[in-house]
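Please read the structure below before turning to the comments.
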Amino acid sequence: MSPDFASAATVSAMSDGLNNEFSPSTDELLANNRHYIETFADHDLALRPRRQLAVVACMDSRMDIFQMLGLAHGDAHIIRNAGGVVTDDVIRSLLLSQRLLGTREIILLHHTDCGLQRVVSDDVIRSLLLSQRLLGTREIILLHHTDCGLQRVVSDELMDALEAETGMRPSWSLEAFKDPYQDVRQSIRRLQSSPFVPHKDHIRGFVYEVETGNLAEVEA
């Protein structure tokens, strides 16, 4: 099977069941915001997170980080990307979070049934690529999570298909993985070895089970 055909077949398989009738949501969300400001009560929140905590998590839409951890607004920094993997951009965010805004603890959150488990092999473009090509989103809003989608696409084949389609090969890695537990361990090792993350005494990793809501801790 040729790479292009394999990639097309994999993406097509992942798209099964998606609703092809797309309607933008931004106007509805702006209307929601108008109601939100009527009872807005967070005007006095401090810039620094109360719990001195940073959470690195997957962008999966099934994961409500605040709800699953019982966090309130202002408690923590939430850093999200496709897969919740520790990339250079996550390191950049953690550096600012710790050095400038006082956080001292890091929680890593992967999850079961992740899209990144579906690609075998950094970060707004990578996340948007996966969100649109593999998971059916059509709208982007810019504001200044076992079973990940990246598990289901063969990385080299997708890169080849993108190069053939656009004439340019992406410079970033998809950071795909087969086992979310092992990838959490790798992410912990990346943080422990980074000279740009000063506070490393409190780093723990978990896999969120989308089927039950349980958080399974991963030993480094």
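Each value in this text was obtained by applying a stated rule to the coordinates, not by laboratory testing. What you see is a predicted model; the values in this text were computed from it and never measured. Neighbour counts run over all protein chains shown; Cβ positions are idealised from the backbone, glycine included.
Got a sec? How would Val210, Val56 order by Cβ neighbour count within 10 Å, fewest to most?
Val210, Val56
Once you have a ≥ b ≥ c as the square roots of the Cα gyration tensor eigenvalues for segment 46-109, tell me rounded if a/c is under 1.5, and otherwise prolate or oblate according to whether a/b is larger than b/c.
It comes out oblate by the Cα gyration axes.
With just the Cα atoms defining each centre, how far is segment 20-58 from segment 61-78? Give it in Å.
Using only Cα atoms to place each centre, the spacing works out to 11 Å.
What's the exposure ranking of His77, His111, His202, going from fewest to most Cβ atoms within 10 Å?
Least crowded to most crowded, the residues run His202, His77, His111.
For Gln132 paired with Glu163, estimate the spin-label separation in nm (one decimal), with each label point 7 Å from Cα along the Cα-to-Cβ line.
2.2
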